[in-house]
Every structure is written in structure tokens, then in C-alpha cells.
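One structure is given here, and the rest of the page talks about it.
The values are calculated or read from the model by the stated rules, or taken from the named source; none is laboratory data. Please read these numbers as outputs of a predicted model, since none were measured by experiment. As a convention, Cβ positions derive from the backbone with ideal geometry for all residues, glycine included, and neighbour counts pool all protein chains shown. Surface areas here come from the heavy atoms of the whole protein model, side chains and all, with no ligands, DNA or RNA. Shrake-Rupley method; radii C 1.70, N 1.55, O 1.52, S 1.80 Å.
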Amino acid sequence: MVFKSDSKPAASSADENSTLILAAAGAVSPVSELNAINRVAICKSATVVHVQRNDQIKPENSHRWLMYLIEGSLSLYAGKEEVGVITARTAEALQPLFLDKGAYQSARTGTVAKIVRFGREQLDILMKEQQKNAVSVMDVHVGELDNLVFNDIVSAMNQRQVSLAVAPDSAHKIFNAYQHVAGIPQLAEVIQCDTGLATHIVNAANKVDANTSESTSSIRGAITRLGVKETQRSVAALLQANTMTPASEVIANRMTRYVQRTTLCASIVQVLASELPHLKPEVAMLVALTADIGELLVLTYANKHADKFPDDQSLAAVIENLRVILSCWLITSWDYREEFVDAAHNARDWYRAHNGEIVYTDLVTAALLIIQSEMPDSEHSSIPSAGNLLLARRLQQSGIDLTSPGKIISAASARLISVQELLKAG
């Protein structure tokens, strides 16, 4: 492989290329088949190569690296004859360069370009380890609308300016309440009323003390780390920057359903965690709030292209395709702890096989099953009935009966009512 430029390792958290590498890992084949934790692992040894104009690329080291074009374009040559062109962010660019050695023997840039390289040997090791516990494979077909939203999110991540929409009604209530509540516990309750706001606050807290060995895992912990006054200032700024007016009825309806489901899910998980001594309810709530954060990302950036989503089906398809990968990407990029990554990646894996004690991810799955059984999100949901799931039997052994969720729903609803009263009092 012949280059006239330097490559930069992704291991340093200060490396400006780390976001590009993580985005590529979630999109290119077969690296995207790794789970979130393994994608983070392979990204640590990956590199971005900055290719100058007229640089030539040859496959000599392709046995060591899987290489993907992520910016710019490449002209492909068989000998001296140009046989094609690959452009970044197309279906062809999601496949490794030189995968078909008979198609072309070299590539050349007409302008500057960027290539990301992942280690072949490390990928093989991670895939074999992952496949030992694999139950099913998800085949995701990415379309034009997926790419439209995804490209906007990639750009925002690169610029470290990710927006997580706050609905106008929620923003108004929180703005009227956050300065008037007494103490950290009540301020935490107000912040937890909105998924995007809560996620941003924890991210801000983790940045404040970047040298700490452990990220915070609760809103109370985030407030303690930031300080009450700084938290209040951050809430005001975040509400101003992220309050979103839905540009269409389709976006508005989906946003309302997302807020209702996520809020109830977090409340249910908090109720369930209070029955399990080894789990912390306030951590459980935040895990539940952030597990589907990728859906909020889709809604935020789909709103910029509302005319492209004339009906709920078109929007739902993009959410279904991108929700998990975007959730894992954001949670990982913002240094959330492992239990948050696990929930984002596995909470919707209904048929997963696992042993040992109940974890936060199990509670998020349980909450989603309860919500779907009692208040279906749609007629064509992919969420199964809890009756025949291994998780339901394991939870029942811990005293949680998913087939009779009435008391759980009642307790969660009562908690939500008390929070709404807190907002009104503000």
C-alpha cells in the first residue's frame, strides 16, 4: 500500500478521528456485525489514513487490514485501465476495498480522501467470540431515508454538536420548575422528565471530571459532580438549544409516543429495581431513559427533513433500522458505563439466552414487554408476548410476574403522577 500521508491511531480520546472510526464501525460490513462493546474494542486499534491527491493505493497489506473509503472518492484500475469509481457513503463504500481481487488491482485519488482501516485478525477473533453466544442475526437493509438521517447525525457527532430534541410542552414545564425545586433529589426528578435533557446532563458531568476513572451513572450523581448552580445553568442552555417544534404531524405523533413510552419505561424499571436489592433504582431509571436514545436521535434529525416522511410507516422503518446502532454509538461516545451500553444494544433482543442474576438490561426488556401488552405502540409491533420468553421465567423466580403486570403499572403510574405534580408546583 503506497501513501504519502500519515495515519493517526484511534486509541487517544483526544484524536479527532475517533468519531469517524466509530461511525464507520457501525456502518461497514462486516465490522458492523460486531456488538457495541466489540466495536469499541476494534476501534481502539483502527486508524484513519488521510490520502492526498494522486496517492495510489495497492492491496499488498489487505491481508492485515480491512480498508473502507469514508470521505472522497477513488478511481479503480486494472493495470493502467480505469474500471470504475467508488464514492464515500455509497453502498459500494460499505464493503472493504480490494475484497474482490479480480475486479481491480489499485486505486487512485483525484482529490483528498480518507480511509479507515480495521485489523482483520482482531475482527476474526472478536467475531468468533461473539458467535459462541449468538442466538440470531439481524439483517438490516439501509435505504435512502436512513442515509439522509444518518449523515446528518454523523456530521453533528463530528462537530460535537449533537442535538437531542425536547418537546415544547416538556421544555415549558421543566423551565418553569427547575429553578424552584428544593434540593438535589427533586432537581433530579425534574431533569429525568426528559430523556434528551437527562442524557445531555450526564454527558456534561462526565466532561467536567474527565480524569475520574468512573463515569457517573445517575442524575443525582451528575448534579453532585456539576454542582446545583451549574446544573441549573446547563438545564437552561440545553432547553434553549434543543427544544424542537415538530415540523409535521407525523413527527409530532411519533415524538409524543416516544416520550410516553420512554417515560413510562423508566418509571416501571425504577419500580422493578426497588424489588431487587443488588440493583439501584436511580441507576435503573437512567439506563431505561437512555436505552432507546437512538430513536430520539432519529426523530431530532428527521425533523429537518419532515417532507421526506409523509407517513408513520416511512419514519418507523428508519427508527427500526437505526435505533440500536445510534443508541450504542452515542452512549459509547459519551462515556456512559458498560451497563448503559449493554441495555442500548441488548434490551430489544427479546430471545437472548443468558444466565446469572437479573441485570438492568433485563428490567428494560421487561418494561418494554409490559408496555406493549398493556398499551400497544402499534398493531404491527415486533415486540413479542412475554409468556414464552426465558426472561419472563427468570424474572418470575425473582418475584416479578410479567403475565400479571397490573400492580407494576399502577405503581409506575402513581410515581409519574407525583412527578407531574412536582412540575406543576414549580
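Relative contact order for the range 314-416: 19 percent, from Cα pairs under 8 Å spaced at least 6 residues apart, divided by residue count. Of the residues Arg160, Arg257, Arg225, the one that moves most in a GNM of the chain with alpha-carbon contacts below 10 Å is Arg160. Comparing Ala367, Ala392, Ala198, which has the greatest mean-square fluctuation in the GNM of the chain with Cα pairs linked when under 10 Å apart? Of Ala367, Ala392, Ala198, the Gaussian network model singles out Ala392 as fluctuating most.
Based on Cα contacts under 8 Å between residues 6+ apart, the range 257-387 shows a relative contact order of 29 percent. An oblate overall shape is assigned to the range 222-366, the ratio a/c of its alpha-carbon gyration tensor axes (a ≥ b ≥ c) being 1.5 or greater and a/b not exceeding b/c.
Spacing of the modelled spin labels on Ala78 and Lys304, each 7 Å from Cα toward Cβ, amounts to 4.0 nm.
Expressed as a whole percent, the accessible surface of the chain that belongs to carbon and sulfur atoms is 49, based on a 1.4 Å probe. With a Förster radius of 56 Å applied to the C-beta separation of Val85 and Gln232, the computed FRET efficiency comes to 0.55. Average accessible surface for the chain: 47 Å² per residue, computed with a 1.4 Å probe over protein heavy atoms with every protein chain in place. Among residues other than Ser418 with Cβ under 13 Å from its Cβ, the summed charge is 0 (Lys and Arg +1, Asp and Glu -1).
Could you compute the net charge surrounding Lys407? Neighbours are other residues with a C-beta less than 15 Å from the C-beta of Lys407; K and R count +1, D and E count -1.
Details: positive: Arg415; negative: Glu275, Glu374, Asp401.
Around Lys407, the surrounding residues sum to -2.
What the Kirkwood sum gives for the chain is a hydrodynamic radius of 23.0 Å, with every pair of different alpha carbons counted.
Of all the options Ala103, Ala204, Ala284, the one that moves most in a Gaussian network model of the chain with Cα springs shorter than 10 angstrom is Ala103.
The stretch between Arg64 and Thr224 holds 52.9 nm of extra length on full extension. This uses 0.36 nm per residue minus the Cα-Cα distance.
For the chain, the relative contact order is 15 percent, taking Cα pairs closer than 8 Å that sit 6 or more residues apart in sequence and dividing their mean separation by the residue count.
The calculated FRET efficiency for Arg53 paired with Glu144, based on their beta-carbon distance and R0 = 30 Å, is about 0.50. Charge tally around Arg394: other residues with Cβ under 15 Å, Lys/Arg +1 each, Asp/Glu -1 each, net -3. Site pair His172 and Val419 shows an inter-label distance of 2.0 nm when each label is modelled 7 Å from Cα along Cα→Cβ.
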